[in-house]
Amino acid sequence: MSSEEKVGCASCNKPKATTACGLCQAALCRKCVQFLDPETLRYFDVKPADLLHGNYCGPCFVTKVSPVLADYEEVMDRARGVVVFMNNKGEETRLMNRSAKPIRADDCFDEEETLLRLAYLAAREKFNVLVDVHVQSKIVRRQGGYQTSEFWGTAVPSKVDPQWLKRTEGR
C-alpha cells in the first residue's frame, strides 16, 4: 500500500492500515492483524493454500486458519502419546502388525525431532505405535566452511490396544 492512500482498517476503522489480509486482501492495522508463524505447522507435508500467507484478518483467521490449527494440535497431542520401540529385539514387538507402509521423515535437526515427525505421521493416520524405528544422520558441509548433522528416519506404524500398552509399560 502506498503512503498516499488513506485506507482504514477493515476491523477497527482506524486510518493507519499498514498491511492486508493474505486471503481477502482487507486492509488491516498493526493491532488487528492475526499472524501465522511458518514454524507453527512445520510437520505438515504440504500446507493448504489458505495457510501460505502470514497475515490474516479476524474473520479469515477464524474460518480458515483456526480449524486447521485445531486439527493439527489434536494430531500433535496424539503424536506425543505414540509409543516408539527403538530396540525391536524384545518380546514386545514380535506379534505387532507390520502390514502398514513404512513412513519416512527427512531433513530433521536432531534425533528427537525425527522421532516426533515420525510420530506425527503415524498419529495422522490413526496409529499409536512405531516399530522397526531406525534413525540415521550424516554430516553435511554448508557454505561458509561449517558443518552440521542432518537426521532422517524410518519406521513402521502399527495400532495396538491401549490397555495392552499400559500393562507392558512397567517392563
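Derivation of every value follows stated rules applied to the coordinates shown; laboratory data play no part. Here the structure is a predicted model, which means the values were calculated and not measured. For neighbour counting, all protein chains shown are included, and Cβ atoms are generated from backbone atoms with ideal geometry for every residue, glycine included.
With respect to the cross-link table entries 31/64; 14/47; 138/159; 47/126; 14/64; 16/64, which display a Cα-Cα separation exceeding 29 Å? As for pairs spanning more than 29 Å Cα to Cα, those are 14/47; 138/159. Would you work out which of 36, 96, 59 lies farthest towards the positive end of the dipole of the chain, given +1 charges on the beta-carbon of Lys and Arg and -1 on that of Asp and Glu, about the Cα centre? It is 59.
Each part reduced to its alpha carbon centroid, the range 46-74 and the range 82-141 end up 28 Å apart.
Using the Cβ of residue 69 as centre and a radius below 14 Å, the other residues enclosed give a net charge of -4, where K and R count +1 and D and E count -1.
Provide the FRET efficiency to the nearest 0.05 for the residue 146-residue 40 pair, computing r from the beta carbons and using R0 = 35 Å.
Working: r = 28 Å, r/R0 = 0.80.
After rounding, the FRET efficiency stands at 0.80.
Using only the alpha-carbon atoms, how far is helix 66-80 inclined from the longest principal axis of the chain? Give it as 0 to 90 degrees, nearest 10. Between helix and principal axis, roughly 20 degrees. Against the chain, whose longest principal axis comes from its Cα atoms, helix 111-124 is set at around 80 degrees.
Were the residues from residue 55 through residue 80 laid out at 0.36 nm apart, the gain over their Cα-Cα distance would be 6.1 nm.
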